[in-house]
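Here the structure comes first, spelled out in structure tokens, and everything after it is commentary.
The values are calculated or read from the model by the stated rules, or taken from the named source; none is laboratory data. On a predicted model such as this, the values are computed, not experimentally measured, just so you know. Don't worry about glycine lacking a Cβ; one is built from the backbone with ideal geometry, like all the others, and counts go over all protein chains shown.
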Amino acid sequence: MPINTKSDYLTILIATYNRLGALKTAVDAIQAQTKCPHELIVIDGGSTDGTIEYLQSRTDITSVFQGKLLGAPRSYNEVWRHVESKYTCWLSDDTELTNGGVDLAIQILERDPAIGMVGLKTKDVVGPRTILPYVGALSTYRILNCNHGVLRTDLLRSVGYFNEDYPMYMIDPDLTASVLCTGKKVVMTKQVCVWHRPEWAVTDKVSKKKDRLKGVDHAEIYRKKFRFLEKRSSLEQIKRIARFLLYGLYSTLVVNLMMKWLDLNSRDWHNLTKSRFIHLLDPIKNRHQPYHNEQRIFRSILLRDGNIYRKLLQ
């Protein structure tokens, strides 16, 4: 029997541990911002700060009490394996949904079946990255990461949910790349849809991160899994030169006028010229869409040996 009994349309998952104040903000924002039928599932890792009592008092939340810390990927996966819904979304307990982000993502997915995942554009509101219009790094293979996203549950199931080889970090870059490796597109909302208050920005980030890494080389896990992407095709080499030349024009008057006309910021320009799988005409192609940063990997690359998702290509 599925764990979600309130809605089989959309499930939103949040994992939490001893962050009651932040969790309340996250929960209230989800319930206020999400109008489509949905079920919020909060997964607790054994909190001792009143979180369990709070969750027990909320009849509108499906609570899962795991009793101990399992690490983020395993914590989410143990619940996702018992979820039967059309769409699903993951958020962190230090986030605040805004601009109707999940509803917007669902609308995008409903309109275009070729889109596998919609990244909810995320902006840090504390810490050193507040100067950025939005966050999302480019991976080793120049894939733009979606920090939080919405996707079809059957697609998530087909790629094996979060990769549990990672004890904690890099599960979202891995999932972003995995969805792309099935031949689906990954896009990002133009609007900022998630305010993020990262714990590491207000606590001892060095010691905490070192402890959570557990001596595992997370970057090497990612490199090894997607190593088939390493070699660039001849066409990609040409496009790489074009991107390099375009990036060099950043400070020119013509480019600034173009960026203003297309409503692009510095982060948009960085992603357009530095990422590998965003088309150079993306700002024009998607000018009237509620999304941009549209990524898609060439089929010829996806057919290479080493793509563990090749069987999912259509």
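Criterion first (surrounded by fewer than 22 Cβ atoms within 10 Å (Cβ to Cβ), of a type in the set (Phe, Trp, Tyr) and either part of a loop (DSSP other than H, G, I, E, B) or at pLDDT 95 or above (or both)) does Tyr76 satisfy it? Give the derivation first.
Values: surrounded by fewer than 22 Cβ atoms within 10 Å (Cβ to Cβ): no; of a type in the set (Phe, Trp, Tyr): yes; either part of a loop (DSSP other than H, G, I, E, B) or at pLDDT 95 or above (or both): yes.
The answer is no for Tyr76.
Inside region 188-211, can you point out the residues that are more than 16 Å from Tyr169 (Cα to Cα) and modelled with pLDDT under 95?
Arg197, Val202, Thr203, Asp204, listed by residue number.
Picking from Thr140, Thr95, which residue would you name as being of a type in the set (S, T, N, Q) and surrounded by fewer than 16 Cβ atoms within 10 Å (Cβ to Cβ)?
Sole residue among the options that is of a type in the set (S, T, N, Q) and surrounded by fewer than 16 Cβ atoms within 10 Å (Cβ to Cβ): Thr140.
Tally the residues that are over 16 Å from the mean Cα position of the chain (by Cα) and either in a loop (DSSP other than H, G, I, E, B) or over 22 Å from Asp103 (Cα atoms) (or both), restricting the search to region 140-163.
Here the count works out to 3.
Output the residue which, of all residues in region 294-314 that are charged (D, E, K, R) and in a loop (DSSP other than H, G, I, E, B), is surrounded by the fewest Cβ atoms within 10 Å (Cβ to Cβ).
Within region 294-314, the subset charged (D, E, K, R) is 294, 296, 299, 304-305, 310-311.
Remaining after also requiring in a loop (DSSP other than H, G, I, E, B): 296, 304-305.
Details: Arg296: 18, Arg304: 13, Asp305: 6.
Within region 294-314, the match that is surrounded by the fewest Cβ atoms within 10 Å (Cβ to Cβ) is Asp305.
Is one or more of the residues making up region 87-101 in a loop (DSSP other than H, G, I, E, B), at pLDDT 95 or above, under 13 Å from the mean Cα position of the chain (by Cα) and at negative phi?
If we filter region 87-101 for residues that are in a loop (DSSP other than H, G, I, E, B), which is where we start, we get 93-94, 98-100.
Okay, now just the ones that are also at pLDDT 95 or above, so 93-94, 98-100.
Within this subset, residues satisfying the condition of being under 13 Å from the mean Cα position of the chain (by Cα) are none.
No; the residues of region 87-101 include none that is in a loop (DSSP other than H, G, I, E, B), at pLDDT 95 or above, under 13 Å from the mean Cα position of the chain (by Cα) and at negative phi.
Given the options Asp49, Asp8, Asp28, name the one that is more than 22 Å from the chain's Cα centre (by Cα) and either acidic (Asp, Glu) or surrounded by fewer than 17 Cβ atoms within 10 Å (Cβ to Cβ) (or both). Write out each step before concluding.
Values: Asp8 fails: more than 22 Å from the chain's Cα centre (by Cα); Asp28 fails: more than 22 Å from the chain's Cα centre (by Cα).
Selected residue: Asp49, the only one of Asp49, Asp8, Asp28 that is more than 22 Å from the chain's Cα centre (by Cα) and either acidic (Asp, Glu) or surrounded by fewer than 17 Cβ atoms within 10 Å (Cβ to Cβ) (or both).
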